[in-house]
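For reference, the structure is listed below as structure tokens.
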Ligand SMILES: [Zn+2]
Ligand SMILES: [Zn+2]
């Protein structure tokens with residue numbers, strides 16, 4: 001087995017923000033992971049950074065675990081899961097951060113599972129016309145796309161520079177567009193050049209078509225939850241929305 005899932009051990013750590021379950025080796029951490037922010041020092045915030053209420057013995061300070069800013073209880077009362085920082089329990093967040101974290105939680109609960117379960121695609125690498133049926137899935141540590149057919153191939157998520165979802169089925173009124181494939185551009189370690197790989201949902205596997213479509217939709221969901229941003233080149237998407 002190659003580097004992809006070699007070191008997946010986890011350990012519990014406690015910070016001032018709560019308990020976190022993190023990979024034992026820093027190198028094994030998810031590319032979607034976020035570091036805990038430094039907290040704005042108490043002395044630097046005499047007032048709530050949202051509603052500007054003055055802090056005193058009754059109005060106490062609370063730090064948002066996601067942005068590290070300082071708020072009153074009213075402006076920072078929500079406890080929301082924060083998977084990207086590996087918190088075991090929901091943690092206190094300001095209203096703005098809570099919204100983002102809720103969206104990401106949905107991504108973690110649904111789309112990430114679909115991506116990790118995998119789906120079957122016709123895969124063509126580089127400029128080759130030849131394609132191969134392969135099962136494509138996100139590795140358990142979320143760092144690689146694993147492709148398995150007659151051969152095994154890995155793409156490091158952090159090396160992906162562009163993701164394009166391919167669609168078909170335009171109708172004058174719109175609404176029937178469906179994802180049929182995906183184009184990825186990425187860097188192979190040791191090379192500066194971009195390699196392209198094309199995934200096409202196969203027509204031969206009717207029973208798997210839904211699965212392939214769900215997998216592509218989950219990949220596309222990165223866009224609504226910009227989790228891939230912060231990797232090598234950001235996320236560029238040319239998905240044609242049904243109404244455009
Ligand atoms: Zn406030
Ligand atoms: Zn916040």
Would you mind stating whether residue 105 is more than 16 Å from ligand 1 (Cβ to nearest atom), touching a helix residue (DSSP H, G or I) at 6+ places or on another chain (Cβ under 8 Å) and within 30 Å of residue 52 (Cβ to Cβ)? yes
Considering (1) surrounded by fewer than 10 Cβ atoms within 10 Å (Cβ to Cβ); (2) modelled with pLDDT under 85; (3) touching a helix residue (DSSP H, G or I) at 6+ places or on another chain (Cβ under 9 Å), say which one residue 1 fails and leave the rest. (3)
Among the residues of the stretch 35-64, what is the count of those that are under 23 Å from residue 112 (Cβ atoms) and surrounded by 17 or more Cβ atoms within 10 Å (Cβ to Cβ)? 1
Neighbours by Cβ (under 7 Å, 6+ apart or cross-chain): first from the stretch 31-43, in contact (Cβ under 8 Å) with a residue 60 or more places away in the chain; second part of a loop (DSSP other than H, G, I, E, B) and buried (at least 16 other Cβ atoms within 10 Å of the Cβ): 31/142; 31/143; 32/142; 32/227
Given the criterion more than 30 Å from residue 181 (Cα to Cα), within 16 Å of ligand 1 (Cβ to nearest atom) and out of contact with any strand residue (DSSP E or B) (no Cβ under 8 Å at 6 or more places or on another chain), identify the matching residue among 42, 73, 56. 56
So is residue 142 within 25 Å of residue 197 (Cβ to Cβ) and in a loop (DSSP other than H, G, I, E, B) or not? yes
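The values are calculated or read from the model by the stated rules, or taken from the named source; none is laboratory data. None of the values given here were measured: they were computed from a predicted structure. Please note: Cβ atoms are built from the backbone with ideal geometry, for glycine as well, and neighbour counts cover all protein chains shown.
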